[in-house]
Amino acid sequence: MTDPLFDVSGRVAIVTGGLGQLGSVYAAGLAERGMRVAVFDIVAGSPAEGVRSYEVDITDRAALEEAEQAVERDLGVPHLLVNNAGLDSPPDAPAEEVGPFETYPEESFDAVMDVNVKGTLLSCQVVGGAMAREGRGSIVNISSIYGLLSPVQDLYAFRRDRGETFVKPVAYSVSKSAVLNLTRYLATYWAKSGVRVNTLTLAGVFDEQPREFLDAYEARVPLGRMLDAREALGAVVFLASDASSYVTGANLVVDGGWSAW
Ligand SMILES: NC(=O)c1ccc[n+]([C@@H]2O[C@H](COP(=O)([O-])OP(=O)(O)OC[C@H]3O[C@@H](n4cnc5c(N)ncnc54)[C@H](O)[C@@H]3O)[C@@H](O)[C@H]2O)c1
């Protein structure tokens, strides 16, 4: 029996970056719960079963409008937007991107801000706008503990010990902080239109990271482990459902206690 508080079946969801590590878990998990799910991703790929994929660059407003119209035709007007697409510096990023702050490249800053901030804003304009016209909806903006607090550079000491240059770059943190106040802005702007807007702040997700990193990371988390992607899904379902009907403008922190000490 489905608990009506958490029942999202029959509703329409859009997950941006829905072919990535976390987005694919959200898309599959929401589809399993009866949602009609669309993913917007810049790459073409096979989404989870029962999920429709649309190739969209979220920094391109015209492409977003076209895809949103297609979702309305194919599935209906969206009830949920998960702004999950994002850029971080991959472990194999070019040396200057993970080098000292003083020489962090402007182009890298622009690229990260373009997707993480402008892309999220445009997705809210286009998809959130459609929801507001319907008088209902929920937007979940994904942030990170690195948007709430500074990265702990010591976690990457093992790379420096190996002789590599590695500084966790600044743009990701700045972009993820911006998401927090975009959320608050829109929560108040759309409150009377029935669209709730919240941030979901996540800690690092387990992804077979090197043992030295895991040891350093786990020692800093009260729960003693990294996040499992399914635990992030639980928070998305809560924010999508009527269980969170009085929650707007909030920041739901799912970090194993990282920010508690
Ligand atoms: N993985 C973590 O440890 C972690 C921790 C905290 C927060 N987050 C956040 O969760 C979200 C997802 O992270 P992930 O680890 O699954 O990343 P990922 O790289 O696996 O997935 C990101 C997806 O976004 C897509 N994307 C990138 N640019 C796009 C664009 N312009 N238009 C459309 N799609 C685009 C990519 O193709 C990819 O499928 C991000 O916002 C990230 O910042 C992740």
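The values are calculated or read from the model by the stated rules, or taken from the named source; none is laboratory data. Just so it is clear, the structure is predicted and the values come from calculations on it, not from any experiment. Cβ: placed from backbone, ideal geometry, glycine included. Neighbour counts: every protein chain shown. Side chains included, ligands, DNA and RNA excluded: accessible areas come from the protein's heavy atoms. Shrake-Rupley method; radii C 1.70, N 1.55, O 1.52, S 1.80 Å.
Using just the C-alpha positions of the chain as equal point scatterers, what log10 of I(q)/I(0) does the Debye formula give at each q in 0.09, 0.15 1/Å? Computed log10 I(q)/I(0) values: -0.40, -1.08.
Residues whose amide H comes within less than 5 Å of that of Arg196, counting only those at least five positions distant or on another chain, are Gly137, Ser138, Ile139 (H built at 1.01 Å from N in the peptide plane). Computed extension gain for Glu164 through Lys192, at 0.36 nm per residue and net of the alpha carbon distance, reaches 4.9 nm. Taking Lys and Arg as +1 and Asp and Glu as -1, the other residues whose beta-carbon sits under 13 Å from that of Gly20 total -3.
Largest GNM mean-square fluctuation across Gln209, Gln21, Gln125, computed for the chain with C-alpha springs under 10 Å, falls on Gln209.
Counting Lys and Arg as +1 and Asp and Glu as -1 over every other residue whose Cβ lies under 13 Å from the Cβ of Asp88, the net charge comes to -1. Only sites in a loop by DSSP and with at most 15 other Cβ atoms within 10 Å count here; which GluC sites (Glu not before Pro) in the stretch 184-226 make the cut? Loop-located and lightly packed - Glu208.
When each of the peptides 158-166, 60-68 is scored by the mean number of other C-beta atoms lying within 10 Å of its residues, the order from highest to lowest reads 60-68, 158-166. Once you reduce the stretch 96-168 and the stretch 10-71 to the center of their Cα atoms, the two points are 20 Å from each other. Estimated from helical segments only, the mean residue ellipticity of the chain at 222 nm is -10500 deg cm²/dmol, where each DSSP H run of four or more residues counts as -39500 (n - 2.57). Accessible area per residue for the stretch 125-261 is 45 Å², calculated with a 1.4 Å probe on protein heavy atoms, without ligands, DNA or RNA. Descending by average beta-carbon neighbour count within 10 Å, the peptides 231-238, 141-148, 52-59 line up as 141-148, 52-59, 231-238, the highest first.
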